[in-house]
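Below is one structure; the comments refer to it alone.
The values are calculated or read from the model by the stated rules, or taken from the named source; none is laboratory data. Just so you know, these numbers come straight off a predicted model, no measurement behind them. Glycine gets a Cβ as well: all are built from the backbone with ideal geometry, and neighbour counts include every protein chain shown. When the accessible area is computed, the model is the full protein with side chains, heavy atoms only, and any ligands, DNA or RNA have been set aside. Shrake-Rupley method; radii C 1.70, N 1.55, O 1.52, S 1.80 Å.
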Amino acid sequence: MKLTAIFLTGMLAASLVFAMAGCKNGDDEQKSEPTAVTTEANGTTTLKIQENAAGFVSSTFEKKTEFPGYTGTGYFDGGTSQKGSIVYTVSAAEAITNAKIAIHYLCTEVSRVRAAIVSVNGTVINADSPLAMTTDVKVKKDNCSSANWKDTVYLENISLKAGSNSIILTGAPDGSYTAAGGTSIKIDSKKNDTDAGNYCYLNYVDYLIVNGKGIDYGTDTTKYVSLSYASENTTAGSVESSVTSSTVAENSDVTFTATANSGWVFDCWSDGSKENPHKVTVTKNTIMFAHFIPTDYTASSDLVGYATITTDSGDGYTISGGAGASSENTITISSYAELVAKKDLLSSDEPKIITISGTISTKDNANPLLSEKYTIGSNSTVYGDTTNQGRLQNIEFIVEGENVIIRNMMFGEVISWDGYTKSGADDALSLNGATHVWVDHCEFQSHLTPQDLDGNEITSSSTGIAGSYYSTDEKWKKDFYDGLLDIKNGSTWITISNCYIHDHYKACLCASGDDGPDKNTTTGATDSDMRVTFYHNYWKNINARMPLFRYGTGHIYSCYFDAGSQSDSASCINVRAGSKLYIEGNNFANFTKTTGDSVTNGTYIIGFFFADTNKAYGNVSGSWTAKNNSTSNGSEGSVSKPPYEYTAPTSYPTFAPTDIGVGILTASDLQ
């Protein structure tokens, strides 16, 4: 769920790793340390509060030292880290109403507009006038100096109570503002972030400046946590809270109330509760969504797996996609031009039902091999037309929302590699920080050798644009297409069912990389929270990643894997980086590779393959339980059965399924 203008009472400070930075700049690159406390004759004091010093309480941002010119021991990276907070504390000898606050910061991009929202004692004081954190010159690490670190203007006339006060910095959400000091700014993360949404960035924060009479460093070290709440679908209903602050003291009791609009009914909260109102003791950074469904909606009986629940206790979630969409948002797209024209609707969180009719391709573009990508927002249903099969060629759909259904679609031939100079997209379908997604009866395919969009192999004799893509590098052949289906960046509660996945080198990646699981999203989830079910899918002529699983938890059952033309080199289910898989009732045909890199139990079917010792988690195995499969690969560790209802297979399929992929569902199935 992308947070669109949720009010500042609902900004998320996602749980990022608070790590000490590794590298240090030389003394000649450092600005002389500012005087931490200066006091005028009339008793007015200016505090400059550094990280890990008096007056600093906590930060969810990573501390870094990469850009020279900072003071103290480093700065907090709010420039590349989304939705975080920094907490400080100051004391006042007596209550005052004329304190001032500013921030010493670095911005590296002229086009990057970021701004800070300030809360004092839990109350936002500048919702409509954030502190702008901009620059007029592009800054890189090799040309950065103390001159590039600047002070914002002061927020003035701030009230501090007698005694200790908390001051919390968070990023301003997308929107147009008259910033503190009167400057007009527009914050639009879509300009700079391909996975854009209301991400509420700060910039690089060096220290906080507080000015006021009789102030000093505070003593209140109460831990504050962020609080965000919203309806997944503002068309369907709204949410109210018993508190109005974006940050609350740890262990505060908060009551949420969901109110459904006419034609809709409350289904559940994101923590699984069905109670309404819902009282929660907030012990950590929290985001609370209310999920509504149309009053007359009935979920498809075909849907099973993790997409049907929202907690590890098995609390139910009714995935409804775009059900309840208006007539204006129930459309058919049958050409490239129509796809471009509907880009904003696709990425919105409004309920929508999109039918893709026929093949939509980049084939007629000036550079037909330059791939493109389009974002799918929350509350979306995307169908392939049952009479004129829906297909995307060299076009990636990126699901970044919540409550999404994709059925009867063909995806593939997304070109991602040419020395990384012509890449437009990466994967055929990508779930990027998405939650509650059902992908069913779809087909994913590319080619095992690079081809143009007319099916001609790209070779050294290819001419024109195709020839410019050719490379003699063997890696080029493997990476010309990237993934068919990638599930990453905290995507969770996913079901992939009845799909045909074939003729590709690296098919499916679950979690982004081997550096660690803590990639936060607008939902607050990380890759360790990932929950994915693969059910009744047919994988054929795939060389690797069927899937490659990191960090999270998965269930793979009743699938048919045929190495086919890749029998001598294929690896299948790669259980890596502490992931946990429950694998049952699957047939693994024609896998013969037995030698090479790290492998468990002799054959590259179920195991921990291809370790990367240069990465933090690259040389760490996962664990799995294997039952009733065609292979003798045994279990490694103990993984529990998934918490949702399903019919557990007692044996594996003995032949390739014919009821998978596109062309099986009828129009009535897609209602």
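Rounded to the nearest whole Hz, the Karplus-based 3J(HN,Hα) values (6.51 cos²θ - 1.76 cosθ + 1.60, θ = phi - 60°) of the range 148-157 follow the sequence 7, 8, 10, 9, 5, 5, 7, 7, 10, 6, with x at glycine and proline.
Taking the centroid of alpha carbons for each part, the range 153-178 and the range 553-572 are 54 Å apart.
Tell me whether the range 248-380 comes out rounded, prolate or oblate; compute the Cα gyration tensor, take square roots of the eigenvalues as a ≥ b ≥ c, and use a/c under 1.5 as the rounded threshold. Each step should come with its number before you reach the end.
On the way: a/c = 2.48, a/b = 1.97, b/c = 1.26.
Verdict is prolate for the range 248-380.
With θ taken as phi - 60° and the Karplus curve 6.51 cos²θ - 1.76 cosθ + 1.60 applied, the whole-hertz 3J(HN,Hα) list for the range 443-449 is 10, 10, 7, 9, 8, 7, 10 Hz, x standing for glycine and proline.
Sparsely packed loop sites in the range 355-436 (the chymotrypsin sites (Phe, Trp or Tyr not before Pro) outside DSSP H, G, I, E and B with at most 14 other Cβ atoms within 10 Å) comprise TYR420.
When a/c reaches 1.5 or more, the comparison of a/b and b/c decides; with that in mind, is the range 453-527 rounded, prolate or oblate per its Cα gyration tensor? Mind dumping the intermediate values first?
Working: a/c = 3.22, a/b = 2.07, b/c = 1.56.
Note, shape of the range 453-527 comes out prolate.
Rounded to whole Å, the principal axis extents of the Cα atoms in the chain read 87, 58, 52, largest first.
Would you tally the net charge around SER621, using a Cβ to Cβ cut-off of less than 10 Å, leaving SER621 out, and scoring K and R as +1, D and E as -1? Once all neighbours under 10 Å are counted, the net charge is 0.
Per residue, how many Å² of accessible area does the chain show with a 1.4 Å probe?
Values: 25160 Å² over 671 residues.
Value returned for the chain: 38 Å² of accessible area per residue.
In the range 322-439, how many lysine pairs have Cα atoms under 17 Å apart, counting only pairs 8 or more places apart or on different chains? Please list the in-between numbers first.
Values: LYS342/LYS352; LYS342/LYS373; LYS343/LYS352; LYS343/LYS373; LYS363/LYS373; LYS363/LYS422; LYS373/LYS422.
Count of close lysine pairs: 7.
The protection proxy used here, the mean number of other Cβ atoms lying within 10 Å of each residue, ranks peptides 116-122, 96-102, 141-147 as follows, highest first: 116-122, 96-102, 141-147. Loop sites by DSSP among the GluC sites (Glu not before Pro) of the chain, restricted to those with at most 14 other Cβ atoms within 10 angstrom, leave 276-644 as the longest stretch without any of them.
Annotation: amide H of ALA179 within the under-5 Å range of SER184, ILE185, sequence separation 5 or more or interchain, hydrogens built in the peptide plane.
Report in % the part of the accessible area of the range 388-540 that belongs to carbon and sulfur, leaving out ligands and nucleic acids; probe 1.4 Å.
Values: 1740 of 4050 Å².
Here it works out to 43 percent.
Hey, can you rank 498-505, 432-439 by average C-beta count inside 10 Å, highest first? Walk me through the numbers before you get to the answer.
Numbers: 498-505: 24.6, 432-439: 27.9.
Top of the packing list down: 432-439, 498-505.
Backbone amide hydrogens, once placed in the peptide plane, bring ILE287 within less than 5 Å of SER228, excluding anything fewer than 5 places away on its chain. Remark: the Cα gyration tensor places the range 196-290 in the prolate category, a/c being 1.5 or greater and a/b exceeding b/c.
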